[in-house]
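So the structure is just underneath, and the comments pick up after that.
Please treat every number below as a calculation from the coordinates, not as lab data. None of the values given here were measured: they were computed from a predicted structure. Reconstructed Cβ throughout: ideal geometry from the backbone, glycine too, with neighbour counts over all protein chains shown.
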Amino acid sequence: MSYARALRCKECGREYPLDPIHVCEFCFGPLEVDYDREAQRKVVSRERIDGGPPSLWRYRDLLPCDADRAVDLNAGFTPLLRAPNLGEVLGLRHLYIKNDCVNPSWSFKDRVVAVASTKALEFGFDTLACASTGNLANAVAAHAARAGMKAFVFVPADLEPGKLLGSAIYGATLVAVDGGYDDVNRLCSELADRYEWAFVNINVRPYYADGSKTLAYEVAEQLGWRAPDHCVVPMASGSLITKIWKGLDELAKLWLVDSVQTKVSGAQAAGCAPISNAWQAGTLSVRPVKPNTIVKSLAIGNPADGYYALQAIGESGGSAVAASDEEVVDAIKLLAESEGVFAENAGGVTVAGLKRLAESGRIAPDELVVAFITGAGPKTQEAVAGKLAEAIHVSPTVASFEQAIGERKGVVSSGG
Amino acid sequence: MAKQRVKFTFPQELITLPIIYELGKSFNLVTNIRRADVTEDRGWVILELEGELEEIERSMQWVASKGVRVDPVQGDVIEG
């Protein structure tokens, strides 16, 4: 069973039954799930969670769907890695990497889709759908396959072919839409009104978004039930940073952690930084931008949760930063070379943002910092292709190898 | 008759223009504002439009041609 009790408008507070709806009929504000905290407090404990499965379903009492009928690919409970080498480079003594690359379809989107698809089945939908530039589409296609549901995935027609394959392999129907992001966006919003499908990030968005909170739960549990001092999170719609902040706050309300003093900071790519721009301008008003960045997984020009992300950053004492595409590529390489984690472009944004925050003193050297790496590098190999050392070609002889390695060493030493 | 919920985002230079008034006069639509935030240098308005679907679509093209950004109320739904 779930302890979700109602949907609640974030703007006017009006309540609605737990239906597949996402907008308040009165003020058109976004809806979010509200829980029966008293009932949760009576049931939830560290021991009960510890006895759960090694997946996000260990937090079943904190999720808005019935875990007994979960669409389960074992998403979540990913490694929290201590990162001493990267920490040394950045001057941070207690740095951790939350490695969400290792989810079933290799991104954190498996968390939100696990919850959304489970809820969609509860509602009786037979089709999952989404508008995406890659990671979400992969997660929707994989979970639909697991659940025996049909899947429709809408993407901009100019998307790289490699990103389509990760959805097509699961048998999803790929719909390549002529036009830009805005056109795909508008089309999907209209289709969500017209078709009886579960569009995970439209009509079941309140449930979908709550899957993100499991990232915060896990980090606190993996740190021995304490909240970190600082979280650095990539921002696209702004939903993830909002939910990490909310997830930590919930743990305190449920007495699972003592107190939460965590600062949450967000990172964006400079070519699509509407939230960071608003932060720098000192306003809560997000001005839409036209995305122009290699970081397509974060390229949301008019972020749905931008306002709420700015609120979370402000209330927590965090900050927002933007990094250029060049910094993103350098950061992907830095993370891989220092800690052995190959992240996709969004992970590069996180690490580049972390670097900026550390260099500017907005993260203190002694803070316990968690950087969220939300997707795996093989999905966006083109970002670093041609920017790495090439293979050494040799004949199958010792002499050839030693000659070649000598030349490579010479290049390295003569190059500095 | 159809209903559509939209968000208009106004650039600074268009904030003082009566675009929603002109929308109601020029097209056979009922405009119903639900939420808004307008200051001297920026502004957005969330409203519902009611009318024939083709009329709504024509009107949205007209609003966009004026330089106003038109989005679904939930903002961008495309995600990584």
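General observations
- Translational diffusion of the stretch A:286-353, estimated by Stokes-Einstein from the Kirkwood radius over alpha carbon pairs at 25 °C in a medium of 0.890 mPa s, is 187 µm² per second.
- Separation of the alpha carbons by more than 29 angstrom is noted, of A:Lys163/A:Lys263; B:Lys3/B:Lys66; A:Lys119/A:Lys263; A:Lys290/B:Lys3; A:Lys296/A:Lys387; A:Lys253/A:Lys355, for A:Lys163/A:Lys263; A:Lys119/A:Lys263; A:Lys253/A:Lys355.
- Theoretical FRET efficiency, 1/(1+(r/R0)^6), r = Cβ-Cβ of A:Phe123 and A:Ile405, R0 56 Å, to 0.05: 0.40
- With kT/(6 pi eta Rh) evaluated at 37 °C and eta = 0.692 mPa s, and Rh the Kirkwood radius from Cα pairs, the stretch A:1-129 diffuses with a coefficient of 194 µm²/s according to Stokes-Einstein.
- Each 10 Å bin from 0 upward holds the following percent of the Cα-Cα pairs of the stretch A:227-286: 22, 45, 25, 8, 0.
- Taking a Cβ cut-off of under 12 Å around A:Pro79, the surrounding Lys, Arg, Asp and Glu residues balance to a net charge of -1, with basic ones at +1 and acidic ones at -1.
- Given chain A, longest segment not containing exposed loop trypsin sites (Lys or Arg not before Pro) (DSSP; at most 14 other Cβ within 10 Å): A:94-386
- Each other residue within a Cβ distance under 10 Å of A:Ser319 adds +1 if Lys or Arg and -1 if Asp or Glu, for a net charge of +3.
- With K and R counted +1 and D and E -1, the other residues having a Cβ less than 11 Å from that of B:Met1 yield a net charge of -2.
- Rounded to 5, percent antiparallel among DSSP beta bridges of the protein assembly as shown: 55 percent
- Where a label projected 7 Å from the Cα of A:Asp183 along Cα→Cβ would reach, residues of the stretch A:108-142 with amide N under 17 Å: A:131-133
- Ranked B:Ile46, A:Ile332, criterion: other C-beta atoms within 10 Å, fewest first: B:Ile46, A:Ile332
- Translational diffusion of chain B was estimated from the Stokes-Einstein equation, with Rh taken as the Kirkwood radius over Cα pairs; at 37 °C and 0.692 mPa s the coefficient is 254 µm²/s.
- Per-pair calculated FRET efficiency, R0 = 56 Å: A:Arg82 and B:Ala2 via Cβ, rounded to 0.05: 0.50
- Neighbour-limited loop hits for chymotrypsin sites (Phe, Trp or Tyr not before Pro), the stretch A:229-336 (at most 14 other Cβ within 10 Å; DSSP other than H, G, I, E, B): A:Trp255
- Residues A:Val260, B:Val38 arranged by fewest to most Cβ contacts within 10 Å: B:Val38, A:Val260
- When the helices of the protein assembly as shown are scored as -39500 (n - 2.57) per DSSP H run of n ≥ 4 and the total is divided over every residue, the value at 222 nm lands at -11500 deg cm²/dmol.
- Radius ratio Rg over Rh of the protein assembly as shown, counting only Cα atoms, Kirkwood formula for Rh: 0.99
- Candidates A:Pro17, A:Pro54, A:Pro291: whichever shows maximal mean-square fluctuation once chain A is modelled as a Gaussian network with Cα springs under 10 Å: A:Pro17
- Paramagnetic reach from A:Cys12 in the stretch B:32-53 [backbone N under 14 Å; point 7 Å along Cα→Cβ]: B:32-36, B:46-48
- Projecting label points 7 angstrom from Cα along Cα→Cβ for A:Val394 and A:Arg93 puts them 4.3 nm apart.
- Burial ordering of A:Glu38, A:Glu382, B:Glu79, fewest other beta-carbon atoms within 10 Å first: A:Glu38, A:Glu382, B:Glu79
- Cα-based convex hull volume of the stretch A:161-217 per residue, rounded to whole Å³: 134 Å³
- Once the Cβ-Cβ distance of A:Leu165 and A:Ala385 is raised to the sixth power relative to R0 = 22 Å, the FRET efficiency obtained is 0.85.
- Over the stretch A:261-416: Kirkwood hydrodynamic radius from C-alpha pairwise inverse distances, Å: 17.5 Å
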